[in-house]
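Beneath this line is the structure, given in structure tokens, with notes to follow.
Throughout, read-outs are computed from the coordinates displayed, never taken from laboratory work. Note that the structure is a prediction, hence the values are computed from the model and not measured. When we count neighbours, we look across all protein chains shown, and the Cβ atoms used for this are built from the backbone with ideal geometry, even at glycine.
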Amino acid sequence: MKIRLVADAFDPWQEIVRHQTEQPGLAGKFGATAVFVGTLRDFNQGEAVQAMSLEHYAPMTEKHLERLTAEATSRWPIADMLVIHRYGELRPNEPIVLVVCWAAHRDSAFAACRYVIDELKTRAPFWKQELTGKGRRWVGQEK
Amino acid sequence: MKIRLVADAFDPWQEIVRHQTEQPGLAGKFGATAVFVGTLRDFNQGEAVQAMSLEHYAPMTEKHLERLTAEATSRWPIADMLVIHRYGELRPNEPIVLVVCWAAHRDSAFAACRYVIDELKTRAPFWKQELTGKGRRWVGQEK
Amino acid sequence: MSITVRFFASLRERLGKGQDIIDSKGIGNVADVWQACAQIPFPDNVLAAVNMEYARADQPVTDGDEVAFFPPVTGGAR
Amino acid sequence: MSITVRFFASLRERLGKGQDIIDSKGIGNVADVWQACAQIPFPDNVLAAVNMEYARADQPVTDGDEVAFFPPVTGGAR
């Protein structure tokens, strides 16, 4: 079980390989791996997006990500889980978030992966500000 | 949209990177990537599994995988999809199947990914034979 | 004037053959193909395909078709 | 004898500050903290946390607590 908040761009696929290498006890024990990667698109609500700034509340964010993954592993039989979330300045096509669930069977892997990304979106304190041709705008925060 | 049946072990994460590199038009266009990897476990139904032989009916298998992915892309707005399935002799911890769905939003990515792996399991002509300490046994085929 | 018949997995082992070429004369449907190849009644859990499409026992078969018989499929991973 | 107050994202910009340290005297709950820091009524869509846990306006606050106010969160990716 690992959670990381990172300031720099990361390669989700390399992170999965690295995690599996660091957890040799996993080998042969899982039949299903469900992965979600959220990536910054170059358009949103009809506007070209040039960059995004992702603000967070460091200790609270980490605490809530840990709680979410703990909830997921208590609800479904999960062999291991990896969550990585960016913060800071992002460019289009850069990964924002990675959620990986290793499990014996795919029902649990999909359910836990989906749970974490859905809950993360509504409970983890992150705020997005997009840079478009019209300037900076906060996402989902009517003044 | 790409479907491959492969006789040799493959690295699902490298295949994802390779596909994204070969489809530069995808960059910035997807916000969600949902991935499923099915892996051979070293145990099943209480027995240690030493190897698995995966038989298929080549042209029919390919035809049905193509149909499944076409169905998924007609039901959900999917930017791209990649499916790779092994056949032949596999060892524990080797990937059996990879399903990747790139989409603007995660609901579609998850739904299409799940649809393909579920339908694949019930419609694509593959047959598994496990090698355990007690010899070879067909999976899910009562004599 | 022939039909290619294929058998897979445990069914192939049970019948002791992976392929048959049979004369299409007198063959009307999938069940006829089975009877021409196997000495046992068509098992309930055996699936059939005609030209790579799933087919029922009463589906017509004509000269040049490829007919396949196989056990329940177990692709992917649960 | 103080409470640390933090503001995030558009709320930080609107109030023109990311942090306040206020005297805990006379502070009973989250709503009191807001009133001590901001000249405007507590907006409906603003969330609060006490010591990193989501909190309601009537949640008690005591000396040494960290209280945060922020707009709806937008983590992850849809």
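What the table shows:
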| quantity | calculated |
| --- | --- |
| Under 17 Å from residue B:134, Cα to Cα: aspartates and glutamates that are on another chain or at least 8 residues apart | B:42, B:47, B:142 |
| Under the Karplus curve 6.51 cos²θ - 1.76 cosθ + 1.60, θ = phi - 60°, whole-Hz ³J(HN,Hα) for the range C:32-48, x wherever Gly or Pro sits | 5, 4, 4, 4, 6, 10, 10, 8, 10, x, 4, x, 4, 8, 8, 9, 10 |
| Order of B:78, C:40 under a 10 Å beta carbon neighbour criterion, fewest first | C:40, B:78 |
| Charge dipole (chain D, unit charges on Cβ, about Cα centre) - positive-most of D:61, D:19, D:3 | D:19 |
| Principal axis dimensions, the range C:13-57 - Cα atoms, whole angstrom, descending | 25, 21, 18 |
| Cα-based helix-to-principal-axis angle, B:106-123 vs chain B, degrees rounded to 10 | 30 |
| Under 16 Å from residue B:2, Cα to Cα: lysines that are on another chain or at least 8 residues apart | B:63 |
| Helix-derived mean residue ellipticity, 222 nm - over chain D, DSSP H n ≥ 4, -39500 (n - 2.57), to 500 | -5000 deg cm²/dmol |
| 10 Å Cβ neighbours from other chains, averaged over peptide A:23-36 | 6 |
| Principal-axis tilt of helix A:12-22 within chain A, Cα atoms, nearest 10 degrees | 30 |
| Interchain or long-range residues, amide H under 5 Å from residue C:2's placed H | C:24, C:64 |
| Ellipticity estimate at 222 nm from DSSP helix runs (n ≥ 4, -39,500 (n - 2.57)) divided over chain B, nearest 500 | -11000 deg cm²/dmol |
| Shortest-first distances to equivalent copies, position residue B:93, nm, label 7 Å out along Cβ | 3.4 |
| Per-selection Rg to Rh, chain C - Cα, Kirkwood hydrodynamic radius | 0.96 |
| Shape of the range A:62-119, Cα gyration tensor, a/c cut at 1.5 | prolate |
| C-alpha long axis of helix A:58-75 to longest principal axis of chain A, angle in ° | 40 |
| Diffusion constant of the range A:3-86 at 4 °C, which comes from Stokes-Einstein with the Kirkwood Cα-pair radius and 1.567 mPa s, µm²/s | 85 |
| Nearest-first distances (nm) between copies at residue A:135, label 7 Å from Cα via Cβ | 7.9 |
| Inter-chain shielding of C:11-18 (mean C-beta neighbours from other protein chains, 10 Å cut-off) | 2 |
| Spacing of the two label points (7 Å from each Cα toward its C-beta) at residue B:137 and residue D:62, in nm | 6.1 |
| Viscosity 1.567 mPa s, 4 °C: Kirkwood-radius Stokes-Einstein D of the protein assembly as shown over Cα pairs, µm²/s | 52 |
| 7 Å along Cα→Cβ, label-point gaps from residue A:42 to other copies, nm, shortest first | 4.5 |
| Descending semi-axes in Å of the range B:47-143, equivalent ellipsoid built from Cα gyration tensor | 29, 14, 11 |
| Sorted by Cβ neighbour density within 10 Å, fewest at the top, the residues A:57, A:115 | A:115, A:57 |
